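Participant: Right, I'll just put the structure down here and ask away after.
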Amino acid sequence: MATPAQRTPAPATDGTLAGAAAVTRCQLCGSGERTRKFLDAPFEVVTCDDCGLVYVTPRLQGQALVDVYGEGYWKSDDPKARGYADYARESALYLRTFAKRMALVQRWLPAKARILDVGCAAGYFLRVAHGLGHDVHGVELSPAIAGEAVAALGAERIHVGTLDEAIAARHYERGSFDLITMWDVVEHIPEPQPVLRRIRELLKPSGHLLIETQNVASRWARLLGRRWHHYKHTEHLYHFSPATIRRLLGDCGFRPVALGAAYAGKFVSFGFLAERAGRLGPVAAFLAKPLGLLKGMSLYVNPHDEIIVVAAPTAD
């Protein structure tokens with residue numbers, strides 16, 4: 001039987017969501033004016049009328065949000081709505097993905113860089129970077145997956161908890177990292193500004209921040225509408241566009257120096273493709289069902305609905 005940290009939060013009998021609260025103002029610009037994109041009760045996905053940020057209301061708060069990332073997130077019985085079918089089982093595909101992405105990452109690194117990955121999960125990016133001779137460190141909030149990173153890289157390199165806790169426990173010094181990364185993380189953070197400002201403090205003046213996140217302004221997102229596979233309301237609190245991610249970074253003391261989708265694809269299994277097709281409706285799910293028989297095979301997929309942003313800290 002699932003523990004409380006493994007269950008997907010369920011609507012209460014009055015239609016509300018336990019542990020959730022309504023969002024009344026845009027996190028990015030503070031405006032209370034917004035337009036509904038769609039309703040997926042008890043959630044509503046809205047667009048800020050002033051800055052264009054797309055966000056979800058109501059939103060899980062505090063421990064209820066933390067509990068989303070229990071064991072049932074990384075091995076989910078409903079990955080279309082929450083988490084991953086079996087994150088650790090597809091480790092080889094994640095390692096191949098990050099090996100490909102290093103062609104981009106290495107452009108922004110010295111030969112032997114000190115790297116911090118915030119939200120490192122099982123540490124796949126760090127494993128690839130460590131194999132190339134870099135000094136790697138990671139922070140992961142979820143103990144359910146952080147153990148994989150600890151086993152691969154050692155407890156001295158991985159902190160299980162928040163970034164602030166890691167800074168205190170590991171004594172990370174200001175201006176000590178060449179690169180700090182957030183792969184598919186920023187959209188999960190209720191208040192990203194304090195985290196990004198703390199990251200800026202940790203970067204060397206010559207260092208860079210790299211963020212990957214979904215692009216709600218992409219053609220694929222606009223074509224699929226509410227069926228877009230990144231609409232997972234308990235975990236994806238924000239859906240950024242190039243314009244809104246640039247504004248967020250600018251507000252936190254960063255200057256974007258590169259933004260694009262060229263390296264934002266992933267190696268995925270045919271089983272993953274079959275699972276995601278289920279979001280498109282019963283016909284698509286039926287047509288994609290044979291892919292599940294080939295779940296041991298994989299291919300590289302890039303629908304250009306995610307972006308990678310590289311940013312430099314601005315001068316004080």
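Values in this text are rule-based calculations from the coordinates and carry no lab data. All values derive from a computational prediction rather than experimental measurement. When we count neighbours, we look across all protein chains shown, and the Cβ atoms used for this are built from the backbone with ideal geometry, even at glycine.
Participant: Can you sort Arg198, Arg107, Arg59 so the residue with the fewest Cβ neighbours within 10 Å comes first? It would help to have the intermediate numbers written out before the result.
Facilitator: Numbers: Arg198 18, Arg107 10, Arg59 21.
In increasing order of surrounding Cβ atoms, one gets Arg107, Arg198, Arg59.
Participant: Whole-Hz Karplus ³J(HN,Hα) for region 152-157, in order, using 6.51 cos²θ - 1.76 cosθ + 1.60 and θ = phi - 60°, x for Gly and Pro?
Facilitator: Those phi angles translate into 7, 10, x, 5, 6, 9 Hz.
Participant: OK, next. If only Cα atoms are counted, what is the Rg of region 66-150, and what is its Dmax, in Å?
Facilitator: 13.8, 42
Participant: Would you please give the residues with an amide H less than 5 Å from that of Arg34, counting only those at least 5 places away or on a separate chain, with H modeled from the backbone geometry?
Facilitator: Those lying under 5 Å, H to H, from Arg34 are Asp49.
Participant: Using θ = phi - 60° and the Karplus relation 6.51 cos²θ - 1.76 cosθ + 1.60, list the HN-Hα couplings for region 247-255 in order, rounded to whole Hz, with x at every Gly or Pro.
Facilitator: 5, 4, 5, x, 5, 9, x, 10, 10
Participant: Here is a further query. Can you sort Trp220, Trp74 from fewest to most other Cβ atoms within 10 Å of each residue's own Cβ?
Facilitator: Trp220, Trp74
Participant: Looking at the chain, what % of the alpha carbon pairs are farther apart than 37 Å? Let's see the in-between values first.
Facilitator: Details: 5866 of 49770 pairs.
For the chain, the share of Cα pairs beyond 37 Å comes to 12 percent.
Participant: What is the list of residues in region 170-190 whose amide nitrogen lies under 18 Å from a point 7 angstrom out from the Cα of Arg107, following Cα to Cβ?
Facilitator: Residues 179-183 fall inside that zone.
Participant: In square nanometres and to one decimal, what's the mean projected area of the convex hull around the Cα atoms of region 198-277?
Facilitator: Details: hull surface 27.9 nm².
If I average the Cα hull's projected area over directions, I get 7.0 nm².
Participant: Along Cα→Cβ, 7 Å out, is where each label goes; now give me the distance between the ones at His171 and Ala21 in nm to one decimal.
Facilitator: In this crude label model, His171 to Ala21 measures out at 3.7 nm.
Participant: Another question about this same structure. Could you give the length gained by full extension between Ala81 and Asp50, i.e. 0.36 nm per residue of separation minus their alpha carbon distance, to one decimal place?
Facilitator: 8.3 nm
Participant: Over 21 Å between C-alpha atoms is what I'm after, so list which of Lys100/Lys204; Lys37/Lys266; Lys75/Lys232; Lys232/Lys266; Lys75/Lys266; Lys112/Lys266 land there.
Facilitator: Lys100/Lys204; Lys37/Lys266; Lys112/Lys266
Participant: Count charges around Ala312 for me, please; just the other residues with Cβ under 12 Å from its Cβ, Lys/Arg as +1, Asp/Glu as -1. Please report the intermediate quantities before stating the final value.
Facilitator: Numbers: positive: Arg200, Lys204, Arg255; negative: Asp178.
Taking every Cβ under 12 Å from that of Ala312, the sum is +2.
Participant: At a Förster radius of 41 Å, what calculated FRET efficiency corresponds to the Cβ-Cβ distance of Thr35 and Ala92, to the nearest 0.05?
Facilitator: 0.45
Participant: Determine the percent antiparallel among the DSSP beta bridges restricted to region 89-313, to the nearest 5.
Facilitator: 50
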